[in-house]
1. For residues in the range 38-74 being among the basic types (Lys, Arg) and within 20 Å of TYR95 (Cα to Cα), which is farthest from the chain's Cα centre (by Cα)?
2. Looking for whichever is surrounded by fewer than 17 Cβ atoms within 10 Å (Cβ to Cβ) and polar (S, T, N, Q) here; the options are GLN58, GLN75. Which one fits?
3. Could you please find all residues in the range 27-37 being closer than 16 Å to SER91 by Cβ and either within 18 Å of the chain's Cα centre (by Cα) or loosely packed, with under 15 Cβ neighbours inside 10 Å (or both)?
4. Being touching a Lys or Arg at 6+ places or on another chain (Cβ under 8 Å) and at negative phi is true for just one of ARG61, ARG86, ARG29. Which residue is that?
5. Which numbered condition trips up LYS81, out of (1) touching a Gly at 6+ places or on another chain (Cβ under 6 Å); (2) at pLDDT 90 or above?
6. Determine, yes or no, whether GLU77 is assigned to a helix (DSSP H, G or I), out of contact with any His (no Cβ under 8 Å at 6 or more places or on another chain) and among the acidic types (Asp, Glu).
Amino acid sequence: MKNKICDMCGNENTTTGKHCNSCYAYLRRHPEGAYDLPKPGEIKYAPNGDPICHICGQAHRKLGNHIRFKHQMSQIEYREKYKLYRNTRLSNYEYQEKMSKYNNKYRSVVVEQNLIKGGEKTRITPTRKFEVRRKYGKPIPEIFIKES
């Protein structure tokens, strides 16, 4: 039996309905389907607060994940292409608040168990960052190289 094509995204549809599994799940959250595309330089939000993609018009709680996996773009490339500020949020405000509360609640555990090991701070410092760059053969910016 030949697979059908999803009416929404055009990918192969392995289900018996008109939409593939990911589009079906999307339509359950957003029955109205895709929204009008936002203009470059502005970001629009769906009625539930999800940001709308400039490429396909879909709204997603975490737009950064959608951009990465559906459109194979990094958030930086997306922001540059659609003229968005670097600090423009690409996630639902309620989701951000929830993660912020979660982060604050478990901050001491995370810091003590993951960032401080044996009394030594393990966060990446400028010195550590350059050691990593040397290890993987990446050039160190000239302004940081000391002249002898």
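The values are calculated or read from the model by the stated rules, or taken from the named source; none is laboratory data. Every value quoted in this text rests on a predicted model; they were computed, and no experiment measured them. With ideal geometry, Cβ positions are generated from the backbone for all residues, glycine too; neighbour counts draw on all protein chains shown.
1. Looking only at the range 38-74, we keep the residues that are among the basic types (Lys, Arg), and these are 39, 44, 61-62, 68, 70.
If we keep only those that are within 20 Å of TYR95 (Cα to Cα) as well, we get 44, 61-62, 68.
On the way: LYS44: 16, ARG61: 10, LYS62: 6, ARG68: 7 Å.
The residue in question is LYS44.
2. Values: GLN58 fails: surrounded by fewer than 17 Cβ atoms within 10 Å (Cβ to Cβ).
Going through GLN58, GLN75 in turn, the sole match is GLN75.
3. Taking the range 27-37 and keeping what is closer than 16 Å to SER91 by Cβ, we get 29-30.
ARG29 - this is the single residue of the range 27-37 that is closer than 16 Å to SER91 by Cβ and either within 18 Å of the chain's Cα centre (by Cα) or loosely packed, with under 15 Cβ neighbours inside 10 Å (or both).
4. Working: ARG61 fails: touching a Lys or Arg at 6+ places or on another chain (Cβ under 8 Å); ARG29 fails: touching a Lys or Arg at 6+ places or on another chain (Cβ under 8 Å).
It is ARG86.
5. (1)
6. Working: assigned to a helix (DSSP H, G or I): yes; out of contact with any His (no Cβ under 8 Å at 6 or more places or on another chain): yes; among the acidic types (Asp, Glu): yes.
Spelling it out, GLU77 is indeed assigned to a helix (DSSP H, G or I), out of contact with any His (no Cβ under 8 Å at 6 or more places or on another chain) and among the acidic types (Asp, Glu).
Each row is one residue, and each column tells you yes or no for (1) within 19 Å of PHE69 (Cβ to Cβ); (2) modelled with pLDDT of 90 or more; (3) of a type in the set (Val, Ile, Thr); (4) assigned to a strand (DSSP E or B).
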position	(1), (2), (3), (4)
MET1	no, no, no, no
CYS9	yes, no, no, no
GLY17	no, no, no, no
TYR24	yes, no, no, no
ARG28	yes, no, no, no
PRO31	no, no, no, no
LYS39	no, yes, no, no
HIS54	yes, yes, no, no
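Residues checked against (1) out of contact with any Ser or Thr (no Cβ under 8 Å at 6 or more places or on another chain); (2) in a loop (DSSP other than H, G, I, E, B); (3) within 19 Å of CYS9 (Cα to Cα):
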{"residue": "GLY57", "(1), (2), (3)": "yes, yes, yes"}
{"residue": "GLY64", "(1), (2), (3)": "no, no, yes"}
{"residue": "LYS70", "(1), (2), (3)": "yes, no, yes"}
{"residue": "ASN87", "(1), (2), (3)": "yes, yes, no"}
